[in-house]
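A short worksheet on the structure shown next.
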Amino acid sequence: MYTIECLKGLPYEFESFLIQKYDSYITTCKYLEVFGKNHDFYYFPIYDDDKLEDLLVFGNDGNMSKCFNSLVAINQNIVSKCVRILFEKFPFVEKIHIALSYTSYNFKKGILCPTSETYILNLPATLDEYFLLLGPTTRKNLKRYKSKFLREFPRANYVEKTGAEIEEWMVSSIIQLNIDRMLYKGIVPGKVQNDINDYYLFSKHYGCITYIEIDGEIVGGDISYLINKNIYGHVIAFNNQYQKYNLGHICILHAIQNSIEKKMSYYNLLTGSNEYKSKLAAKPHVTYSYLIYRDFCLRFFADKYKMKIEQYIVQLRFSKYSKPT
């Protein structure tokens, strides 16, 4: 028989359980401590007799609560029980956000947000085996890009740092390259300089940074996180001046090679439908996000209508009618 508790704070004593159970960099106490500063946290340990089976973490922020068990698969019965307890315990919470679940749910008062896909690369034992997973054109181009870049920049160095080896200037350089790249493409950056300290603090615990430098300057790099035998690629960036060398692909190839050498199991390129992810042999995995409401209120129906429109726009973007003939 299952028993569920609701306890205030972050479950630091269960950090190793969270990592072993869920394999998600988001579902860690350090991530919540660094990136969830505006939330009031409560955790729900679920026991089957005396054995801990699951542990869900919610963060309340105003009238909304967010479940921080993301990039995971959890049984609906467990989630539903925690949602019910949370609504009962906190009458000011009007809705609960569940993000990036690998399991689809059915909530009577829930709204399915537009779905997204994470791209996961199952890592082989060697780099040669990885190249065999690629299409012949991609394989040829990657080797050509790398050879051309090293031929024209013989002083370029490939560097890898993990945990305590990571310095703030490394994180700052890669984040700034990402910001510059987004602005160059006419996209509002998802990261800003104010985020650097958060990325640095989290990287000091679970981070793995690979970058390419020329005469001490970082020209491209990747910020990833190591959880168990899995690696999550969070930020990839490169200097626009090296665009003709396809430096972004070279940076990712460097990160993949580093992951293979570390005997990692898979490389998660996270969400975002980018063509390069498929070309690099990563496979899409659907994730589901929900808004769950306390009541069938006016906001419920307004948000449901809004989500349907957003879902329609997403489907239209990827339909045959949006592609040039």
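Got a sec? Which residues in region 97-111 would a label at Ala73 touch, if it sits 7 Å along Cα→Cβ and we count backbone N under 15 Å? Hits in region 97-111 for Ala73 at 15 Å: 101-105. Within a straight-line Cα-Cα reach of under 12 Å, Lys66 can be paired with the following aspartates and glutamates, leaving aside sequence neighbours fewer than 8 residues apart in one chain: Asp40, Glu94.
Between Lys148 and Lys109, the simple label model (points 7 Å from Cα in the Cβ direction) yields a spacing of 5.9 nm. Compare the Cα positions of Leu134, Ile250, Asn230 along the charge dipole of region 124-264 (+1 at Cβ of Lys, Arg; -1 at Cβ of Asp, Glu; about the Cα centre) and return the one farthest towards the positive end. Toward the positive end, the furthest listed residue is Leu134. Between Leu298 and Lys140, the simple spin-label model (points 7 angstrom out along Cα→Cβ) gives 6.3 nm.
Multiplying the residue separation of Asn194 and Lys51 by 0.36 nm and subtracting their alpha-carbon distance yields 47.3 nm. With Rh defined as the Kirkwood radius, the inverse of the mean 1/r over Cα pairs, the Rg/Rh of region 124-264 is 0.96. When each of the peptides 294-303, 261-270 is scored by the mean number of other C-beta atoms lying within 10 Å of its residues, the order from highest to lowest reads 261-270, 294-303. Bridging of Lys262 to aspartates and glutamates at a Cα separation below 14 Å is possible for Glu160, once same-chain residues fewer than 8 apart are set aside.
In the structure shown, the pairs Lys21/Lys108; Lys277/Lys304; Lys37/Lys308; Lys229/Lys277; Lys108/Lys283 are assessed against 26 Å; a Cα-Cα span above that value is assigned to Lys21/Lys108; Lys277/Lys304; Lys37/Lys308; Lys108/Lys283.
Which whole number in µm²/s is D for the chain by Stokes-Einstein, with the Kirkwood Rh taken over Cα pairs at 10 °C and 1.306 mPa s?
Result for D is 74 µm²/s.
Over the alpha-carbon set of region 6-55, divide Rg by the Kirkwood Rh and report the Rg/Rh ratio to two decimals. A ratio of 0.97.
Each reported figure results from applying straightforward, stated rules to the coordinates on display, with no laboratory input. Computed from a prediction, not measured in an experiment: that's the story for all the values here. A quick note on method: Cβ atoms are made from the backbone with ideal geometry, for glycine too, and the neighbour counts reach across all protein chains shown.
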